[in-house]
Amino acid sequence: MIKVSSNIGATKIGRKLGPKTMYSYIKKFGFGAPTRIDLPGEVPGLVWPYQRWGEIEASNICFGQGLSISALQLTSALGAIANDGRLMKPYLVSQVLDQKGQPAKAFAPQPVRQVLSPETARLMRQLLTRVTEQGGTAPQAAIEGVAVGGKTGTAQKVAPETRRYASGKYVSTFMGFLPAEAPALVILVIVDEPKGSHYGGVVAAPVFKAIAEQSLPLIGIKRLTPPGPHAPAREESDPTPWVMAQRALEQGPVQAESQGTNQLMPDLRGLTLRKAAEVLKNYPFEPILEGSGKAVSQRPLPGTAITRGTRCQVQFRPTI
């Protein structure tokens, strides 16, 4: 259903959930309420209470019509899936520096609520990677050597004068995250009233790919290029950073895995301070662990190549 963007499939799932449950999750993901980002003029969008839904309205909402949402809300919602089910408050400024270039004030990620269980969020990420496979609605968003998950969108525009859907006017979107096993980037591309094709997978997905490919080196994520046809067979593929972190948790203290001469930063998000310290103690740096509770952010990002002397900082927050 997700791979081919089936409106009928979405409606069937919505009917199984029922209006009350569906409305509850719409609100949990932050739709119909401002994200409270540090910018003036944010609007909450429009989500009608489920008591006002008729059968047609309920079906429309299942596949994204009949409600009004902002690009920031959409990105935040996908970020919750990418972030193991945690909805986070968006912010623009990471640090304020003084005249000497030293940090005068820092801003850390703030969790809003747990929308999905981590297990459900991971399952959703797996399902969303099928969208970028051949036969999905957005193979144009696929990046060789990097797992990409996402979803296409094609919305009809409302004509202000009639307050009805305008004929032939669309907003085409693709939103995605990468790498799918330990997301570090969430990107939303919106094309307003595209010419020619109006499908998100055709219009917006190639733009997403271009942005994502240019962003990978900036955040230190290297492509895992698959072996060529004449490469020797291996019993097991190289572990992803997410798998490496999982192994570290399951096996206890081990020597850090490496790729070539560089080690890769594990994904520490969701770990307690003690467990994160245990995972990191075999890495060639002294980590800066701030706060208490569970890890909510880290630098370097998961999958980043690290060397001796790399500055590692992990932020912890009490569990909500």
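Here are the numbers for the structure shown:
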quantity: Meets criteria (more than 25 Å from residue 188 (Cα to Cα), out of contact with any strand residue (DSSP E or B) (no Cβ under 7 Å at 6 or more places or on another chain) and of a type in the set (Val, Ile, Thr)) for residue 11; calculated: no
quantity: Selection count, the range 238-274, where residues are in a helix (DSSP H, G or I) and at pLDDT below 85; calculated: 11
quantity: Some residue of the range 207-229 being in a strand (DSSP E or B), touching a helix residue (DSSP H, G or I) at 6+ places or on another chain (Cβ under 9 Å) and among the hydrophobic types (A, V, I, L, M, F, W, C); calculated: yes
quantity: The range 46-65, residues that are in contact (Cβ under 8 Å) with a residue 40 or more places away in the chain and in a loop (DSSP other than H, G, I, E, B); calculated: 63, 64, 65
quantity: Selection from the range 55-78 of residues that are more than 22 Å from residue 183 (Cβ to Cβ), among the hydroxyl-bearing types (Ser, Thr, Tyr) and surrounded by fewer than 19 Cβ atoms within 10 Å (Cβ to Cβ); calculated: 68
quantity: Tally of residues being among the small types (Gly, Ala, Ser), in contact with a helix residue (DSSP H, G or I) (Cβ under 9 Å, 6 or more places away or on another chain) and over 17 Å from residue 22 (Cβ atoms) across the range 71-90; calculated: 2
quantity: Filter result (outside any loop (DSSP other than H, G, I, E, B), of a type in the set (A, V, I, L, M, F, W, C) and either under 23 Å from the mean Cα position of the chain (by Cα) or under 21 Å from residue 138 (Cβ atoms) (or both)) within the range 1-45; calculated: 8, 10, 13, 22, 26
quantity: When residues of the range 275-320 are limited to those that are among the hydrophobic types (A, V, I, L, M, F, W, C), in contact (Cβ under 8 Å) with a residue 60 or more places away in the chain and assigned to a strand (DSSP E or B), the one surrounded by the most Cβ atoms within 10 Å (Cβ to Cβ); calculated: 296
quantity: In the range 142-170, the residues that are on the phi > 0 side of the Ramachandran plot and more than 19 Å from the chain's Cα centre (by Cα); calculated: 163, 168
quantity: Residue in the range 160-167 that is assigned by TED's automatic domain parsing to the domain that holds residue 88, at pLDDT 95 or above and in contact with a strand residue (DSSP E or B) (Cβ under 7 Å, 6 or more places away or on another chain) present; calculated: no
quantity: Elements of type strands (runs of 3 or more DSSP E) in the range 66-149, at least 1 residues being touching a residue at least 40 places away in the same chain (Cβ under 8 Å) and over 30 Å from residue 198 (Cα atoms); calculated: 86-89, 110-114
quantity: Some residue of the range 181-194 being modelled with pLDDT under 90 and under 26 Å from residue 118 (Cα atoms); calculated: yes
quantity: All positions within the range 171-209 that are β-branched (Val, Ile, Thr), surrounded by fewer than 22 Cβ atoms within 10 Å (Cβ to Cβ) and either within 18 Å of the chain's Cα centre (by Cα) or within 17 Å of residue 68 (Cα to Cα) (or both); calculated: 171, 186, 187, 190, 191, 207
quantity: Some residue of the range 97-106 being in contact with a Leu (Cβ under 7 Å, 6 or more places away or on another chain) and surrounded by 18 or more Cβ atoms within 10 Å (Cβ to Cβ); calculated: no
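The values are calculated or read from the model by the stated rules, or taken from the named source; none is laboratory data. This structure is a prediction, so every number in the text was calculated from the model and none was measured. Using ideal geometry, Cβ is built from the backbone for each residue, glycine included, and neighbour counts are taken over all protein chains shown.
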